[in-house]
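A short write-up of the structure that comes next.
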DNA sequence: TAGTGTTGTAACCAAAACAGTTACATCAAT
DNA sequence: ATTGATGTAACTGTTTTGGTTACAACACTA
């Protein structure tokens, strides 16, 4: 199991917008060239980022822009925009209530699973787009 | 995206073995009854747990047993037994090296991704099968 | 107002992952 | 030999992902 590449693509999209929005119009075709995936995929992900209010897209004329400052966009924001699953773990549905383990497994595991997911999300919220932009400029 | 239910099933299996191995023979059919999934699925996951040296399975005569004490088996051990993916995130393959963002995105993101994955794995390693067994007995 | 470049979206397709099932060879004890 | 298990192959259906073509809708510009 792996997370879809939508997450890294979305991050790449936002980085490009942050980097280039003041110098040129950032279209799905331009992004497609940098990321090297089909422009329709870019437009779909841009749509999800737009629904999540991370970017604004100019209809007709074209071009995508950050909808909030780069230091207010975290990796967690990006992740949640493109991964709609609420629960990280898929629990088997029908444990047997007649078995002492089957009856209690949800009670015992649910809290642990929440904690694990929170640990991951907390770490994601520590990094902002602004941090990534800074790193990118250092590596250019 | 969600992790496969193999993780929760594997945990359920180990809990059942820990709970019942001294009182009765724990076969894939018995486990199938508590977990409510097909015995072949159980046998496949048991095979993965056996490869990871978490359980021992008696061929022919049947029955599964913990291969190490319950307090030496963590959720991370279980997770790694059944999820063979090394990398949690699927990176898009061919960013454009002519674009300053495309050229550096891996350098910039790889470290962050590692940190996120480590945060999750670290939290998983905090809980042992022994903890879960204790919780289960409290809830019985 | 016609033309241009862009977005939004529908309609497909192929590949992979999952979950489920049947079937059967193999094994170890009685 | 019989019995009860495991290990595994083969097949099915569903979902997700990634990719593609096609085209309507939109907003600017000449």
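When chain B is treated as a Gaussian network with alpha carbon springs shorter than 10 Å, the biggest mean-square fluctuation among B:74, B:27, B:115 belongs to B:115. Modelled spin-label separation between residue A:126 and residue B:51, with each label point placed 7 Å from Cα along the Cα-to-Cβ direction: 3.2 nm.
How would the protein assembly as shown be classified by its alpha-carbon gyration tensor: rounded, prolate or oblate, with rounded meaning a/c under 1.5 and the a/b versus b/c comparison settling the rest?
Working: a/c = 2.76, a/b = 2.71, b/c = 1.02.
Prolate, since a/c reaches 1.5 and a/b exceeds b/c.
Spin-label model, residue B:93/residue B:134: points 7 Å from Cα along the beta carbon direction are separated by 4.8 nm. Classified by the C-alpha gyration tensor, the range B:6-139 has a prolate form. Its axis ratio a/c, with a ≥ b ≥ c, is 1.5 or above, and a/b is larger than b/c.
Within the listed set B:50, B:28, B:118, the residue fluctuating most in the Gaussian network model of chain B (springs between alpha-carbon atoms under 10 angstrom) is B:118.
Between copies, the label points of residue A:58, set 7 Å from Cα on the Cα→Cβ line, lie 7.5 nm apart, reported in increasing order to one decimal in nanometres. Against the main long axis of the alpha-carbon atoms of chain B, helix B:100-124 sits at an angle near 20°.
Could you work out the relative contact order of chain A? I mean the mean sequence separation of Cα pairs under 8 Å and 6+ apart, divided by the number of residues, in percent. It would help to have the intermediate numbers written out before the result.
Values: 126 pairs, mean separation 37.9, N = 140.
It rounds to 27 percent for chain A.
Between this copy and the others, label points of residue A:24 are 7.0 nm apart in ascending order, each placed 7 angstrom from Cα in the Cβ direction. Going from the residue with the fewest nearby Cβ atoms within 10 Å to the one with the most, B:77, B:110, A:131, B:23 rank B:23, B:110, A:131, B:77.
As a test of the formula, what do you get for chain B when each DSSP H run with n ≥ 4 contributes -39,500 (n - 2.57) and the sum is divided by the residue count, at 222 nm and rounded to the nearest 500 deg cm²/dmol?
My calculation for chain B gives -18000 deg cm²/dmol from helical runs alone.
Rounded to the nearest 10 degrees, the inclination of helix B:129-139 to the longest alpha-carbon principal axis of chain B is 60 degrees. Taken as Cα centroids, the range A:64-105 and the range A:38-59 sit 21 Å apart, rounded to the nearest whole angstrom. With respect to chain A, whose longest principal axis is taken over its alpha-carbon atoms, helix A:6-20 is tilted by about 30°.
Highest mobility in the GNM of chain A, judged by mean-square fluctuation with C-alpha springs under 10 Å and restricted to A:67, A:52, A:87, is found for A:87.
Coordinate-derived values only; no laboratory data. Since we're looking at a predicted model, the values are computed, not measured. Here Cβ is always computed from backbone atoms with ideal geometry, including for glycine, and neighbour counts include all displayed protein chains.
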